[in-house]
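Novice: Quick one: this structure, given as structure tokens, is what I'll be asking you about.
The values are calculated or read from the model by the stated rules, or taken from the named source; none is laboratory data. Being a predicted model, the structure only gives us computed values, none of them experimental. Glycine gets a Cβ as well: all are built from the backbone with ideal geometry, and neighbour counts include every protein chain shown.
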Amino acid sequence: MTASRLCLWIATMLMTCGTWVHAAQADADMERRVAACITCHGRDGQASRMGYFPRLAGKPAVYLYEQLRSFRDGRRQHAEMSYLLAHLPDAYLREMAEYFSRRHLPYAAPAPTELGAAQLARGELLASRGDPARGIPACVECHGKALTGMAPGIPGLVGLPRLYVASQLGAWLTGDRQALSPDCMAEVGRKLTAADIQAVAGWLATQPVPVDASPASADRPLPVACSAMEVHR
């Protein structure tokens, strides 16, 4: 090996090592940043189907980012989340969202359900066909045919705890949860009854998550205008 080639090889190795070390340090720094998150959401944001707190791992980064901003800015209500995020800038929140969105981890099997057959059938009907007479679109129209979400900003509904889904639909119904305008879920949520919420949340919790849980591509207009599909600057 000539001296010039040796120098080039050494320089390349140093650059490669430097990049690897920088990436490792960045990951370690981010793990420290999100240490408070794993207390409720589980290590790597994987969470559990049996609890209340939702999974963060693998969710669309745009969606996670907007939820973090909503907790910080008061559109979503949760004392601990609001306290933790109160003074964090947008850039910091975006990095947190991107960190969790890159975590693609296996899902647990569906939890057992106590709902009866009639309730489950009602939940499946709302999820797959909606209720046109009341102006309620099907969940699959916005959250994807497999209910794994819609890129760039609509989350999946499968793999979430029943209590979490029910509580969030209830918050849309009462107005305790809001989003940026146009707030599509506020429009839909106000049309749901308590029985609707229990049925659809219960049915969703019984559904297995597909092997490929990636969000679907938006290939058609949504039935309602939704800020979740706008690219956040």
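Novice: Of the conditions (1) among the small types (Gly, Ala, Ser); (2) within 18 Å of the chain's Cα centre (by Cα); (3) buried (at least 19 other Cβ atoms within 10 Å of the Cβ), residue 199 fails just one. Which one is it?
Specialist: (2)
Novice: Any idea which residue in the stretch 129-178 is surrounded by the most Cβ atoms within 10 Å (Cβ to Cβ), counting only those that are β-branched (Val, Ile, Thr) and within 16 Å of residue 201 (Cα to Cα)? So that I can check it myself, show each step before the final result.
Specialist: Residues of the stretch 129-178 β-branched (Val, Ile, Thr): 136, 140, 148, 154, 158, 165, 174.
Subset that is within 16 Å of residue 201 (Cα to Cα): 136, 140, 148, 158, 165.
Working: 136: 19, 140: 17, 148: 21, 158: 24, 165: 21.
The extreme case among them is 158.
Novice: Within the stretch 202-229, restricting attention to residues that are at pLDDT below 95 and outside any loop (DSSP other than H, G, I, E, B), which residue is surrounded by the fewest Cβ atoms within 10 Å (Cβ to Cβ)?
Specialist: 227
Novice: Only one of these conditions is not met by residue 27: (1) assigned by TED's automatic domain parsing to the domain that holds residue 203; (2) modelled with pLDDT under 95; (3) assigned to a helix (DSSP H, G or I); (4) loosely packed, with under 15 Cβ neighbours inside 10 Å. Which number is it?
Specialist: Only one criterion is unmet by residue 27, namely (1).
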